[in-house]
Amino acid sequence: MFDCQMDGETENQMKPLSRKNRIALALLLGGAVLIVLVLIARQLMGHLGETTASTARKLGDPIPVQVSRVQRGDIDEVLGAEGTLVESQSLTIQSEIAGLIREMPVQVGDSVERGGLLLALDPAVAEAGLVSAREQAASARTKLALNQKKLDRLRGLLRDGLITLDEVEKAELEVVEAQNTLANVQARLEQARHDRAATRIVAPAAGVITELVVEKGVAARPFADLLVLAVTEPIHFEFGINQEKIGAVREGQAIEIRLQAYPGRIFTGKLRLIKPVVDDKTRLAIVQAELANPGGELRPGMRGLATISNRASGLKVPAISIMSKRDNVAQVFVVDAQGMAQLREVKMGLQGGAFVEVLEGVAEGEQVVVVGQAGLQDKDKVRIGDEYAPK
């Protein structure tokens, strides 16, 4: 009987579950598994510090972040920009007098020193004019001397009562006329000397010939263009700088330039001009630096890289804390004493290495978020992990 009862109980226990019971059991087991998985996931995410802002917000947990304190110190910023050497001036050379071009020793692309011959006109006409002016000047000086001698003699006779005053006054007028004549002749002589010198046209500055308008053998007309000289001593380096950095450069500031044509060499100069207009498309302001070029080795068209160094001492934050940068204004998250993230607008200064200078918006010692900003919102509750220490 005992065996039979046991068989009956066993048979009763092994009886299949109803459909309703099977569903209930499945739900129970599924819920248990889900709870275990959530607990494991939360533990893993908490351990790894990888909880996203949206996930933490859904779970009602503080959002994990890393912070760094606003500190005071030096910031070294180096601005770099590509640019091109350009002439400091472009001079159109003209002749002051008419004449046949007898010599023209330069060609396009030639370098010339200050005072170097550009072209020479036939001097025959100018020399003839100079000879004539000299003769006229000599004659005028002789006549003035004779008239002055005559006046002195008549004044003596007047004192002795031998002549009338009218004769002396007439002699005085003759002296004045002779003086005026000599002055006019002297002016013509100076002009003749100038015209003779003007037959040799020389470079007013060191540079490169960029255009020839005339050629040897043709007649030059007064004040007609002869050639174009690009002045290269000094020479200028022209480049563009972002509008947000205009305040970081100033005229007279030192600059270093590395040219592709001279690898390994550094040329130094000073900023001479910051153009007041910013290009609408590139948002760049054009800047010019001036370099000495006594040997003429630097030529217009050479390309290179300009670097300008700045140093400031003030408040700074890690560069990775900066968000939504526009010109010199950006945003950062600051964690307050209650562990709440506050979105702040800050005004930036220099940017060097791992740090950015902050001129306005934060105070020394405040904590800014450097890791975990993605998805973070103003007034979010945060949980601070290890403090970030940029090098």
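Bear in mind these aren't lab numbers, they're just calculated from the coordinates by the rules spelled out. Given the structure is predicted, the values throughout are model-derived calculations rather than measurements. Every residue, glycine among them, receives a Cβ derived from its backbone with ideal geometry; neighbour counts consider all protein chains shown.
Just a few scattered comments:
- Theoretical FRET efficiency, 1/(1+(r/R0)^6), r = Cβ-Cβ of residue 305 and residue 176, R0 51 Å, to 0.05: 0.10
- Annotation: amide H-H contacts under 5 Å for residue 302 (H modelled 1.01 Å from N, sequence separation of 5 or more, or interchain): 85.
- Computed [θ] at 222 nm, deg cm²/dmol, the chain (DSSP H ≥ 4; -39,500 (n - 2.57); rounded to nearest 500): -10500 deg cm²/dmol
- Length-normalised contact order for the chain - Cα pairs under 8 Å, 6+ apart - percent: 26
- Out-of-range pairs (alpha-carbon distance over 24 Å; input 58/316; 245/270; 270/347; 270/316; 58/347; 245/281): 58/316; 270/347; 270/316; 58/347
- Cleavage-rule hits, trypsin sites (Lys or Arg not before Pro), the range 265-306, DSSP coil, Cβ neighbours within 10 Å at most 14: 265, 281, 283
- Model label sites at residue 345 and residue 258, defined 7 Å from Cα along the beta-carbon direction, differ in position by 3.9 nm.
- Largest-first principal axis extents of the Cα set of the range 323-390 (Å): 30, 23, 22
- Fully extending the segment from residue 213 to residue 61 would add 46.7 nm, taking 0.36 nm per residue of separation and subtracting the current Cα-Cα distance.
- Summarised in one figure, the compactness ratio Rg/Rh of the range 124-197, Cα atoms and Kirkwood Rh, is 1.22.
- Lysines whose Cα lies under 25 Å from that of residue 170, excluding same-chain neighbours fewer than 8 positions away: 143, 149, 150
- The range 63-167: trypsin sites (Lys or Arg not before Pro) in DSSP coil with no more than 14 other Cβ atoms inside 10 Å: 114
- Kyte-Doolittle at least 1.0, axis length at least 20 Å by Cα - qualifying DSSP helices, the chain: 19-48
- When the chain is reduced to its Cα atoms, the Kirkwood hydrodynamic radius in Å: 31.0
- Relative to the Cα centre, the charge distribution of the chain, modelled as +1 at Lys and Arg Cβ and -1 at Asp and Glu Cβ, gives a dipole magnitude of about 300 debye.
- In this simple spin-label approximation, residue 134 and residue 163 carry label points 7 Å from Cα along the Cα→Cβ vector, and these lie 3.6 nm apart.
- Annotation for the range 325-388: GluC sites (Glu not before Pro) lying in DSSP loop with at most 14 further Cβ atoms inside 10 Å of their Cβ are 364, 387.
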